[in-house]
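For reference, the structure is listed below as structure tokens.
Where a number appears in this text, it was derived from the coordinates with a stated rule and is not lab data. Predicted, not measured: the structure shown is a model, and the values here were computed from it. Cβ placement follows ideal geometry from the backbone for every residue including glycine, while neighbour counts extend to all protein chains displayed.
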Amino acid sequence: MDWQQHIVVDPAVLAGKPVIKGTRLAVEFMLGLLAQGWSEAEILRNYPGLTREQILACMAYAQARLNEERVFATAG
């Protein structure tokens with residue numbers, strides 16, 4: 001999944017949060033719907049302008065960001 005085709009970051013849109021291109025729907029919002037148990041079909045029904053690829057791009061974006069995350073142990 002090439003999330004870069006579907007997800008953009010623009011400081012003028014939602015204070016620079018990553019959003020689905022051409023919308024004001026934040027990746028964070030879409031992931032929240034999925035975390036609440038919304039199905040892909042429910043999201044598409046409630047947001048008819050979206051596509052399956054855009055929903056998958058939100059998940060791919062989150063995965064890419066988490067892949068970059070590093071945790072370092074410190075002496076406690």
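Can you pull out the residues in segment 44-76 that are closer than 17 Å to Glu28 by Cβ, in contact (Cβ under 8 Å) with a residue 12 or more places away in the chain and under 13 Å from the mean Cα position of the chain (by Cα)?
Listed by number, the residues that qualify are Leu50, Gln54, Ile55, Leu56, Ala57, Cys58, Met59, Ala60, Tyr61, Ala62, Ala64.
Where residues in segment 50-76 are polar (S, T, N, Q) and exposed (fewer than 14 other Cβ atoms within 10 Å of the Cβ), which of them is nearest to Gln5 (Cα to Cα)?
In this case the residue turns out to be Thr51.
So which residues in segment 20-49 are assigned to a helix (DSSP H, G or I), touching a helix residue (DSSP H, G or I) at 6+ places or on another chain (Cβ under 8 Å) and surrounded by 14 or more Cβ atoms within 10 Å (Cβ to Cβ)?
Val27, Met30, Leu31, Leu33, Leu34, Ile43, Leu44
Failed condition for Leu25, given (1) free of Cβ contacts under 8 Å to residues at least 24 places away in the same chain; (2) within 17 Å of Tyr61 (Cβ to Cβ); (3) of a type in the set (A, V, I, L, M, F, W, C), with all others met?
(1)
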